[in-house]
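Written out below as structure tokens is the structure these notes cover.
Just so it is clear, none of the values below were taken in a lab; they were calculated from the coordinates. Just so we're clear, the structure is a prediction, and the values are computed from it rather than from any experiment. Glycine gets a Cβ as well: all are built from the backbone with ideal geometry, and neighbour counts include every protein chain shown.
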């Protein structure tokens with residue numbers, strides 16, 4: 001692993017997606033500055049590089065001064081900060097829109113050669129879901145401040161630390177039934193977090209057309225019903241799949257609103273998002289704005305990754321299959 005003399009700043013570097021971006025950049029010889037709210041909780045990044053290669057610094061997208069300090073001297077900047085539900089001052093607007101603008105502005109003023117911004121498929125300024133609307137506002141702000149930025153819109157991201165398959169597997173452990181919201185017809189194109197991390201690193205270095213928006217999906221398009229059925233198969237459990245109309249799911253979300261986000265099964269905003277498919281568009285495929293164009297020729301399939309990390313949810317324990 002050679003030091004190429006270049007510095008990359010990764011906002012959200014200790015998070016689910018960010019840690020894979022940090023790892024990918026470190027493999028390429030970059031010095032990596034992981035800009036995070038809690039550097040004291042980012043120790044897991046250190047083994048991804050050689051001594052001194054990865055360094056965590058304090059930064060919060062709500063505070064411009066910390067963002068400016070984090071990008072000082074950086075050759076490339078990647079913003080992997082995002083939230084699934086607001087918590088206190090960490091609102092969708094503050095993180096996805098204004099925070100994205102601050103990163104882009106600071107990166108431009110610092111003279112960074114490239115900026116990569118992680119958004120989401122479904123980003124739409126006219127959406128009635130705050131998540132999708134603020135993601136679109138963030139994209140617009142990024143391109144206004146840094147016109148040559150590359151924007152990545154992933155579908156659902158899966159991996160050992162995800163809040164997707166893990167969430168349903170945990171629910172299946174305690175509930176006799178799993179909800180088929182909207183009849184389970186919503187389509188997803190899940191992408192492995194390791195592939196997304198490598199694609200983001202590739203885009204930050206020398207791959208992809210600047211000023212473009214790429215839509216990132218894995219090799220399979222599956223329905224919400226498929227997601228639940230796969231989760232049950234991988235965990236060896238049998239549960240009733242209970243159809244739930246959107247209006248009832250919304251009522252359930254409203255009823256659990258006072259609970260912490262970690263305990264809420266779903267939010268009203270997430271119910272709204274489930275009304276639209278989350279897959280790579282035909283326009284992106286036609287224009288070559290996909291994962292393959294960013295250097296990932298053979299993205300990982302769900303069956304190759306998910307069964308291993310869901311094994312811990314099996315009724316007889318994680319290592320039951322190894323017993324004689």
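So for the pair residue 160, residue 220, with labels modelled 7 Å out along Cα→Cβ, what separation do we get in nm?
2.0 nm
What nm value, rounded to one decimal, do you get for the distance between residue 251 and residue 312 when each label is placed 7 Å out toward the C-beta?
It works out to 3.6 nm between the two label points.
Report the Cα-based extents of region 222-293 along its three principal axes, largest first, to the nearest Å.
Its Cα atoms span 44, 31, 23 Å along the three principal axes.
So if I take the centroid of the Cα atoms in region 170-228 and the same for region 102-140, what is the distance between those two points in Å?
Spelled out, the Cα-based centre of one part sits 19 Å from the other.
Mind giving me the FRET efficiency for residue 6 and residue 259? R0 is 51 Å, r the Cβ-Cβ distance, nearest 0.05 is fine.
0.70
Given springs between every Cα pair under 10 Å in a Gaussian network model of the chain, which of 80, 100, 300 has the largest fluctuation?
It is 300.
Please determine, in degrees from 0 to 90 and to the nearest 10, the orientation of helix 246-255 with respect to the longest principal axis defined by the Cα atoms of the chain, where the helix direction is its Cα long axis.
80 degrees
Given the options 140, 311, 282, which has the most mean-square fluctuation in a GNM of the chain, springs set between C-alpha atoms less than 10 angstrom apart?
282
Going by how many other Cβ atoms sit within 10 Å of their own, how do 226, 40 line up, fewest first?
The order, fewest Cβ neighbours first, is 40, 226.
Can you give the extra length, in nm with one decimal, that the chain gains between residue 140 and residue 170 once fully stretched, where that is 0.36 nm per residue apart less the Cα-Cα distance?
7.1 nm
Calculated FRET efficiency, residue 229 and residue 128, Cβ-Cβ r, R0 35 Å, to nearest 0.05?
0.75
Quick one: angle between helix 165-174 and the longest Cα principal axis of the chain, in degrees between 0 and 90, rounded to 10, please.
Computed tilt is about 30 degrees.
With contacts defined as alpha carbon pairs under 8 Å and 6 or more residues apart, what's the relative contact order of the chain in percent?
Reported as a whole number, the value is 16 percent.
Angle, helix 130-145 long axis vs. longest principal axis of the chain, Cα atoms, 0 to 90°, nearest 10?
Value to nearest ten degrees: 10.
Suppose only helical runs count, i.e. DSSP H with n ≥ 4. What mean residue ellipticity at 222 nm does that imply for the chain under -39500 (n - 2.57) per run, divided by all residues and rounded to the nearest 500 deg cm²/dmol?
Taking each H run of at least 4 residues, the total per residue is -10000 deg cm²/dmol.
What ranking do 67, 221 get, fewest neighbouring Cβ atoms within 10 angstrom at the top?
221, 67
Which order do 137, 161 fall in if you start with the one that has the fewest other Cβ atoms within 10 Å?
Listed from fewest to most nearby Cβ atoms, that is 161, 137.
Say we join alpha carbon atoms closer than 10 Å with springs in a Gaussian network model of the chain; which of 117, 55, 96 then has the biggest fluctuation?
55
Quickly work out the residue 62-to-residue 87 label distance, labels modelled 7 Å from Cα along the C-beta direction, and quote it in nm with one decimal.
1.2 nm
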